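Chemist: Below is a structure I'd like to ask you about.
The values are calculated or read from the model by the stated rules, or taken from the named source; none is laboratory data. The shown structure was predicted, so the numbers you read here are calculated from the model rather than taken from an experiment. Here the Cβ is made from the backbone with ideal geometry for all residues, glycine too, and neighbour counts use every protein chain on show. For accessibility, only protein heavy atoms count, side chains too; no ligands or nucleic acids. Shrake-Rupley method; radii C 1.70, N 1.55, O 1.52, S 1.80 Å.
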Amino acid sequence: MQPLRGTKDILPNEIEIWQKIYTTTKNILNTYSYKEIRTPIIENTELFQRSIGNFTDIVSKEMYSFSDQGKRQITLRPEGTASIARAFIHNKLNTNKSVNRLWYLGPMFRYERPQKGRQRQFHQLGIECIGSNMPLADVEVIKLAVDVLQNLKCEEEYLLELNSIGNIKEREIYKIHLIEYLKRYTNELDNDSKNRIDRNPLRILDSKNLRTQEILQDAPVLKNYLSKTSIEHFEQVCSNLEHLDIKYKINNYLVRGLDYYNYTAFEIKTRTSHQQNTICGGGRYDNLIKQLGGPNTPAVGWAIGLERLIILIQNNLKSKIRRNKIYIAIQHIGANNLLWSIIKILTNYKLEFEIDLSNNNLSKQIKKANQLKAKICFILGENEINNNFVTIKWLNTGTQQTLQLSELTKYIKYLKQYDLTSY
Ligand code: ATP
Ligand code: MG
């Protein structure tokens, strides 16, 4: 049986990278007082319609929706922010804290054409800083995206693109002028853009079609419609980023796909040639929580697509994930006290081990240890078993020594003390 199109198994040899991402980001985010939150994968369809917006790509064509046995309209979450806003309101998270810093990692679902870096079930790591309208919050959030990428050894060149998309009022006026301008060129626009003129004209700004881009060059610019407050907010974000030495490029055409953003919108892109080059998207959403029936609460956040990130970092991380395993080659001759005594010591000291279960001869077993890139091989042949000692072979140098079982604890303490098992 095939897995569903656009879904993938994450196999044991890939899981290390996922675990590494989880622990690395958890440490960074904890330092900045972000707490993990896990919300359900299924939500009422209405949540996404009301937050993301009916005319966006996600809601109009990418959602996995179904009606359950009780005829409720349900959707597999296509992104994290709407669910978190719902959880924030439902659990009244604002009552204990004026600012809630939250992070999440989990699967998201979108019905899209699968291709490199685009799946139907994919994963996002995201953060939300809820409760502050300060530009400083935008900066904290953006800095964390950069910190996460740096700590995960994403050495691929990436660029932060930034824009201010103002507030809803400013955008409404801008939209009228943009539509007026674009309607003069209706026949020359690409089909997608033609369909978007009345429903979601801002999305036309990030069209990849060359003729459409050409037409846009003389179109009204959103920046000119922003109020002093919007511009000041943006300028403060920019000057803080400069102070932090975080490089960015202002992209006047960056609007993001979702309806709920205002003020700051940003994306982190790589220079890869294929179209799926956005690894992180985020921005400020000051009206979302109120719009969903909650208290008026400003917020800002981002989401990183983990499959896209992993494509960039896997080679860097793979070579650095250490193999500290102790392989136990053993001649099988019935009950074996020596083996279990050794394992007790290894588990006490939390050293990773693997017992050879093949019943092959010892030299084949040692070969296997090499293949698995174990650090050390413990050899328990007939002689060792009868005399209660163990032969220890360091696989990278070939050095070999024998130890009485009674000396093993001391030896392992010594290895641990100097961290000799970890290089
Ligand atoms: P795109 O323009 O590539 O469709 P998007 O604007 O729809 O991206 P967002 O909703 O901003 O994406 O989601 C944030 C991040 O999640 C993206 O930058 C990307 O890294 C990742 N992402 C989004 N959709 C998918 C998908 N179908 N498969 C894998 N990753 C995805
Ligand atoms: Mg998309």
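Chemist: Please go through the stretch 178-193 and pick out each residue that is open to solvent by less than 60 Å² (accessible area, probe 1.4 Å) and either over 13 Å from ALA219 (Cβ atoms) or among the polar types (S, T, N, Q) (or both).
Modeler: Hits for the stretch 178-193 are THR186, ASP190, SER193.
For (1) in the same structural domain as HIS123 (by TED's automatic domain parsing); (2) touching a Cys at 6+ places or on another chain (Cβ under 6 Å); (3) at pLDDT below 95; (4) small (Gly, Ala, Ser), each residue gets a yes or a no:
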site	(1), (2), (3), (4)
TYR253	yes, no, yes, no
LYS269	yes, no, yes, no
THR272	yes, no, yes, no
THR278	yes, no, yes, no
ILE289	yes, no, no, no
VAL300	yes, yes, no, no
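Chemist: Quick one: would you say ILE21 is touching a helix residue (DSSP H, G or I) at 6+ places or on another chain (Cβ under 6 Å), assigned to a helix (DSSP H, G or I), within 26 Å of CYS154 (Cα to Cα) and in contact (Cβ under 8 Å) with a residue 12 or more places away in the chain? Even if it seems obvious, please write down each step before you answer.
Modeler: Working: touching a helix residue (DSSP H, G or I) at 6+ places or on another chain (Cβ under 6 Å): no; assigned to a helix (DSSP H, G or I): yes; within 26 Å of CYS154 (Cα to Cα): yes; in contact (Cβ under 8 Å) with a residue 12 or more places away in the chain: yes.
Considered against the rule, which asks whether it is touching a helix residue (DSSP H, G or I) at 6+ places or on another chain (Cβ under 6 Å), assigned to a helix (DSSP H, G or I), within 26 Å of CYS154 (Cα to Cα) and in contact (Cβ under 8 Å) with a residue 12 or more places away in the chain, ILE21 comes out as no.
Chemist: Further question on the same structure: Could you pull out the residue among ARG101, ARG113 that is charged (D, E, K, R) and more than 15 Å from ligand 1 (Cβ to nearest atom)? Walk me through how you get there before you give the answer.
Modeler: Details: ARG113 fails: more than 15 Å from ligand 1 (Cβ to nearest atom).
The match here is ARG101.
Chemist: Can you spot a residue in the stretch 63-78 that is touching a residue at least 40 places away in the same chain (Cβ under 8 Å) and either in contact with a Cys (Cβ under 9 Å, 6 or more places away or on another chain) or within 16 Å of ligand 2 (Cβ to nearest atom) (or both)?
Modeler: yes
Chemist: Quick one: which of ILE84, ILE58 is in a helix (DSSP H, G or I), within 12 Å of ligand 1 (Cβ to nearest atom) and not basic (Lys, Arg)?
Modeler: Sole residue among the options that is in a helix (DSSP H, G or I), within 12 Å of ligand 1 (Cβ to nearest atom) and not basic (Lys, Arg): ILE58.
Chemist: Of (1) polar (S, T, N, Q); (2) within 16 Å of ligand 1 (Cβ to nearest atom); (3) at pLDDT 95 or above, ASN296 satisfies all except one. Which?
Modeler: Every condition holds for ASN296 apart from (2).
Chemist: Also, quick follow-up: Please verify whether the stretch 344-358 includes one or more residues that are farther than 25 Å from GLN417 by Cβ and in contact with a strand residue (DSSP E or B) (Cβ under 6 Å, 6 or more places away or on another chain). Before you say what the answer is, go through the steps one by one.
Modeler: So in the stretch 344-358, the residues farther than 25 Å from GLN417 by Cβ come out as 355-358.
Then drop every residue that is not in contact with a strand residue (DSSP E or B) (Cβ under 6 Å, 6 or more places away or on another chain), which leaves 355-356.
Yes, that holds for at least one residue.
Chemist: In contact with a Leu (Cβ under 8 Å, 6 or more places away or on another chain) and more than 16 Å from ligand 2 (Cβ to nearest atom), is that true of LEU292?
Modeler: Criteria met by LEU292.
Chemist: Quick check on this structure: which one of SER164, SER132 is in contact (Cβ under 8 Å) with a residue 60 or more places away in the chain, away from ligand 1 (no atom under 14 Å from the Cβ) and in contact with a Phe, Trp or Tyr (Cβ under 6 Å, 6 or more places away or on another chain)? I'd like the intermediate steps shown before the answer.
Modeler: On the way: SER132 fails: in contact with a Phe, Trp or Tyr (Cβ under 6 Å, 6 or more places away or on another chain).
Within the list SER164, SER132, the selection yields SER164.
Chemist: Let me ask something additional. Within the stretch 26-37, can one find any residue that is within 16 Å of ligand 1 (Cβ to nearest atom) and open to solvent by 70 Å² or more (accessible area, probe 1.4 Å)?
Modeler: No, that holds for no residue.
Chemist: If you check LEU93, LEU102, LEU149, which single one turns out to be among the aliphatic types (A, V, I, L, M) and assigned to a loop (DSSP other than H, G, I, E, B)?
Modeler: LEU93
Chemist: Oh, and also: Could you tell me whether any residue of the stretch 303-310 is over 15 Å from the mean Cα position of the chain (by Cα), at negative phi and either assigned by TED's automatic domain parsing to the domain that holds ALA137 or open to solvent by 20 Å² or more (accessible area, probe 1.4 Å) (or both)? Let's see the steps before the verdict.
Modeler: Applying the first criterion (over 15 Å from the mean Cα position of the chain (by Cα)) to the stretch 303-310 yields none.
The answer is no, given that none of the residues of the stretch 303-310 is over 15 Å from the mean Cα position of the chain (by Cα), at negative phi and either assigned by TED's automatic domain parsing to the domain that holds ALA137 or open to solvent by 20 Å² or more (accessible area, probe 1.4 Å) (or both).
Conditions (1) at pLDDT 90 or above; (2) closer than 28 Å to ARG77 by Cβ; (3) open to solvent by less than 30 Å² (accessible area, probe 1.4 Å), marked per residue:
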position: GLU140; (1), (2), (3): yes, yes, no
position: LEU162; (1), (2), (3): yes, yes, yes
position: ILE165; (1), (2), (3): yes, yes, yes
position: ARG171; (1), (2), (3): yes, yes, yes
position: ILE176; (1), (2), (3): yes, no, no
position: PRO201; (1), (2), (3): yes, yes, yes
position: ASN209; (1), (2), (3): no, no, no
